[in-house]
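The values are calculated or read from the model by the stated rules, or taken from the named source; none is laboratory data. These figures come from a predicted structure and were not determined experimentally. Glycine gets a Cβ as well: all are built from the backbone with ideal geometry, and neighbour counts include every protein chain shown. With ligands, DNA and RNA removed, areas are computed over all heavy atoms of the protein, side chains included. Shrake-Rupley method; radii C 1.70, N 1.55, O 1.52, S 1.80 Å.
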Amino acid sequence: MKNNKLSQISNSQKISDIDLRILKDIEKKISWLSAWMIHNANNIRPSLDGIKVGGHQASSASIISIMVALYFKILKSEDRVAVKPHAAPVFHSIQYLLGNQNQDKLENFRAFGGAQSYPSRTKDTDDVDYSTGSVGLGGAITIFGSLIQDYVTQHNFVSKNFKPGKMVALLGDAELDEGNIYEALLEGAKQNVRNCWWVIDYNRQSLDAVVADKLHLKIDELFASMGWRVITLKYGKKLQSLSKIKGGNKILNWIDNCPNDLYSALSYMGSKGWREHLNKDLKNNKDAINIINSLSDEDLNETMSNLAGNDVEAVLEAFIEADNDDIPTCFIAYTIKGFGLPLAGHKDNHSGLMNNDQMKGYQKNLNVKNGDEWDYYSGLDSSEDLIKDFLSKNPFYEGDKRLFSDKKIYIPNKLNYKNAEVSNTQEVFGRILNEIGKEDSDLSKRIVTFSPDVTVSTSLGGWVNQKQIYNREHKEDIFHNEKVVSAQKWLASPKGQHFELGIAENNLFLALGAAGLSDKMFGSALIPIGTIYDTFISRGLDALNYAVYQDARFLLVATPSGISLGPEGGAHQSIITPLIGIGQPNLLMFEPTYADELEIILRYTFAYMQDPKGSSVYVRLSTRNIPQIKREINEKIEEEILSGGYWLEKSKNKSNITIVFSGVMAPEVFEALEILKEDNLDVSVLSITSGDRLYKNWKEAQKQRSIGNKVLSRIEELFLDTRKESVIVSLIDAHSSSLTWIGGAVGKKTVSLGVDEFGQSGNLKDLYQHYSIDADAIVDACAQALSN
Ligand SMILES: Cc1ncc(C[n+]2csc(CCOP(=O)(O)OP(=O)(O)O)c2C)c(N)n1
Ligand SMILES: [Mg+2]
């Protein structure tokens, strides 16, 4: 697989001289526009608040040739790209030339409503495939994008003329410091990922520093060990030609041995620095010295800084060579950060900006006329017609063909499952999925599940037994074939509907993110469901945030949760997750108490995930068995449950105490209720199925009121049934602050119970008592709330 050589490319694939000239012109234009866009935002657009606008001229300059080669010669409409976050100006400039971005957005780069600082699927309007910003995640999601592309193709969910594309990641070299990269690579290797290219902008600089020497060797080995082809692009065309001149190889060897920081410093210093060091270090090699002496200052600087990643011709040759198969390929492209700018190579250039004089000089060099700064053609060598014609043939030119959608998946009016008198929400989730698995319905076919090595312990076992594990190849279940008794059948096949992931929660969320974009990216609607232990959401939280930031749609089933895990102990008992549920945009959270609530919530979720105004959903479940209540579910109860809160117990009179609770604490609430009733107190019980939804609804009502609409939020309406001076006691097996806001919303004194410290092993009685969430604690809290 390993292929380090740049072999000769066939004549038919050779780049014509005309094309090359145009590409160099385009490269020049993109260099100008990306630097100008940032300069305009920082120096020309009036600032109203004095806050630095920023932007990354050096980071952008580093990757221009790579992106020009890709977007103007290699990529096809079906290919998808995650662009290095700090190359957003390059991306926006490319889309501008291709007619997919307007000048106004560029003039407003980093301003409200303008082109975004980092490419954003949802906020930008110029056809971003994957959002980026949090380094490491953009690269990693391309692996999962590729797996999902294979999945929908093998399940025949794609249209007849669907063509699989390449998933391309453009990464900064420092992104490889992020651990999630390796988790993703390993998962990709296990699943035999293909159609995936990672192009590493190897400028050997991060934000603060110049990276360790010879890092490329480690990167090379790493990708090769993961089954990737590695292509190193080191010398540009000028440097390559040195190898043919006597003494030239000495100069190339000198570059090979030059420490990264010295090379960067010399790139910044220019010809004087190069000459001094080369003359000193190569003084014993006459041929090499002759070459150096024969070059003018400008030529010497251009030659010594001619790395392949900044040379569009060299980059193109490498891309063309690898473009004939589906082998996952890593390109290590040597570049100079800030290439072509006065900032080139300076170690502090990450946030560096050219000053007015430097910008003027740059404009002069590129021949861009004053007043023509946003012009498409000013300063270019090729004629306007030639460039227009070239651009108009680009598959992305004025394109709107890349956003797909599929028809909605039908969701039945009822999901079947057998309930018991006593049960828990995790088990019921498993039963519901198991029943769906038996059906020959659209829903049953389109659900795809994911779990990071907690499939069985989150109750997905029954579903997987029916639906098999997904793999591009058929794989027998050896234990089953050898008649080893096991409840699990782990047959893997291209028909499978479950992704069995290794224990890496980042990968779970990236996979859900990729699957949750399948409708828009491949025109194949899926219902992706991921299961995870609730507490380990935090482990992959940034990847979860990243997935919903792009508006990927999925269901996250987090179970078990809270100290109700009992003996499992503090490392597994989640505390802050309901706060994540409230705080995380694009993720609606529910925490059902009873099986019937869960059925309603899941049914609702499957539709909500498909609603353009919907979002992803997170349900927090538990393994605690609790007595179920017998009731006839009708539309009204369904609505109330889905509204986020409903009266589970209402006192005959308007209550003076409201116990507000979520999830599995119902038995303690009812126990406390009996005690309180003995004291003739009017107590009502409000079950909170979604604090998140209630909170959002309350905020929306405030917004409406601010524009003169007289509306009450759901939580305010509910409390109309309580006495004016009544109090609230809230209770949740999670951080007590999760429900405290309700007191503020309805203007009532509130005492909040919950788990604010780390949990520990124990039985529920001991734990609930220790953390003061048992019936006695509820009664005490009521007394406290009523006292002055
Ligand atoms: C998760 C995360 N941590 C920190 C940052 C802040 N940050 C932005 S860029 C950067 C270094 C980027 O270096 P590299 O990936 O090599 O990019 P380039 O040199 O091409 O600019 C850092 C640390 C971030 N964007 N994301
Ligand atoms: Mg870098």
Interchain or long-range residues, amide H under 5 Å from Leu501's placed H: Ser451, Asp453
FRET efficiency for Asn102 and Lys630, using Cβ-Cβ distance with R0 set to 51 Å, rounded to 0.05: 0.25
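Report, to the nearest whole %, how much of the accessible area of region 165-259 belongs to carbon and sulfur atoms, 1.4 Å probe, protein only.
Details: 1960 of 3680 Å².
On region 165-259, the fraction of accessible area on carbon and sulfur atoms equals 53 percent.
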From phi via Karplus (6.51, -1.76, 1.60), per-residue ³J(HN,Hα) for region 612-620 in Hz, x at Gly/Pro: x, 8, x, 6, 6, 10, 10, 10, 9
FRET efficiency, 1/(1 + (r/R0)^6) with R0 51 Å, evaluated for Ile18 and Glu439 via beta carbons: 0.30
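Treat the chain as a sphere of radius equal to its Kirkwood radius over Cα pairs and apply Stokes-Einstein at 20 °C in a medium of 1.002 mPa s; give the translational diffusion coefficient in µm²/s, rounded to a whole number.
Values: Rh = 29.1 Å.
The Stokes-Einstein estimate is 74 µm²/s.
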Cα long-axis angle, helix 425-438 against the chain (0 to 90 degrees, to the nearest 10): 70
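How large is the direction-averaged shadow of the alpha-carbon convex hull of region 209-290, in nm²?
For the Cα atoms of region 209-290, the hull's average projected area reads 6.6 nm².
Would you tally the net charge around Leu764, using a Cβ to Cβ cut-off of less than 12 Å, leaving Leu764 out, and scoring K and R as +1, D and E as -1?
On the way: positive: Arg624, Lys765; negative: Glu568, Glu668, Asp733, Asp766, Asp774.
Computed value for this residue: -3.
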Rounded accessible area per residue of region 474-596, 1.4 Å, Å²: 33
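Among the trypsin sites (Lys or Arg not before Pro) within region 251-353, which fall in a DSSP loop and have no more than 10 other Cβ atoms within 10 Å of their own Cβ? Each step should come with its number before you reach the end.
Values: sites: Lys272, Arg275, Lys280, Lys283, Lys286, Lys337, Lys347; in loops: Lys283, Lys337, Lys347.
Qualifying residues, ordered by number: Lys283.
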Separation in nanometres of the label points that stand 7 Å from Cα toward Cβ, at Asn249 and Ser351: 4.7
Protein-only accessible surface order, largest first, of His216, His350 at 1.4 Å: His216, His350
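Using only C-alpha atoms and all pairs of different ones, pull out the Kirkwood radius for region 389-430 in Å with one decimal. Display every interim value, and only then the final one.
Values: mean 1/r = 0.0632 Å⁻¹.
Averaging 1/r across every pair of different Cα atoms and inverting gives 15.8 Å.
Tally up the carbon and sulfur contribution to the accessible surface of region 484-554 as a whole percent, 1.4 Å probe, everything protein left in place. Display every interim value, and only then the final one.
On the way: 1150 of 2000 Å².
Result for region 484-554: 57 percent of the exposed heavy-atom area is carbon or sulfur.
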Lys369-Met269 pseudo-label distance in nm [points 7 Å out on the Cα-to-Cβ vector]: 4.1
Global geometry of region 696-755, whether rounded, prolate or oblate, following the gyration tensor of its Cα atoms and the 1.5 cut on a/c: oblate
The chain: calculated mean residue ellipticity at 222 nm from DSSP helix runs of at least 4, using -39500 (n - 2.57): -12000 deg cm²/dmol
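Once neighbouring chains are kept in place and the probe is 1.4 Å, which whole percent of the accessible area of region 598-742 is contributed by carbon and sulfur? Mind dumping the intermediate values first?
Numbers: 3090 of 6230 Å².
Here carbon and sulfur together make up 50 percent of the probe-accessible area.
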Scattering profile of region 113-217 at q = 0.15, 0.17, 0.19, 0.25 Å⁻¹ [log10 I(q)/I(0), Debye over alpha-carbon scatterers]: -0.74, -0.91, -1.06, -1.35
nm² value of the averaged projected area, convex hull over the Cα atoms of region 539-616: 5.6
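Could you sort out which of Lys163/Lys489; Lys14/Lys401; Lys407/Lys636; Lys84/Lys696; Lys407/Lys613; Lys123/Lys401 sit more than 22 Å apart by Cα distance in this structure? Before the final figure, lay out each step's value.
Working: Lys163/Lys489 33 Å; Lys14/Lys401 29 Å; Lys407/Lys636 29 Å; Lys84/Lys696 33 Å; Lys407/Lys613 16 Å; Lys123/Lys401 18 Å.
Violating the 22 Å limit, Cα to Cα: Lys163/Lys489; Lys14/Lys401; Lys407/Lys636; Lys84/Lys696.
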Neighbourhood charge, 11 Å Cβ-Cβ cut-off, centred on Ser382 and excluding it, Lys, Arg +1 and Asp, Glu -1: -1
For Glu476, solvent-accessible area (1.4 Å; no DNA, RNA or ligand), Å²: 100
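Less than 13 Å Cβ to Cβ from Asn40, Lys/Arg counted +1 and Asp/Glu -1: what total charge do the surrounding residues give?
Once positives and negatives cancel, what remains is 0.
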Angle between the chain longest axis and helix 356-365 axis [Cα atoms, degrees, rounded to 10]: 50
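Going through the cross-link list Lys24/Lys76; Lys244/Lys286; Lys29/Lys105; Lys414/Lys650, which pairs have a Cα-Cα distance over 24 Å in this structure? Let's see the in-between values first.
On the way: Lys24/Lys76 20 Å; Lys244/Lys286 16 Å; Lys29/Lys105 17 Å; Lys414/Lys650 28 Å.
Check vs 24 Å cut-off fails for Lys414/Lys650.
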Helix axis angle, 775-786 relative to the chain longest principal axis, alpha carbon, degrees: 90
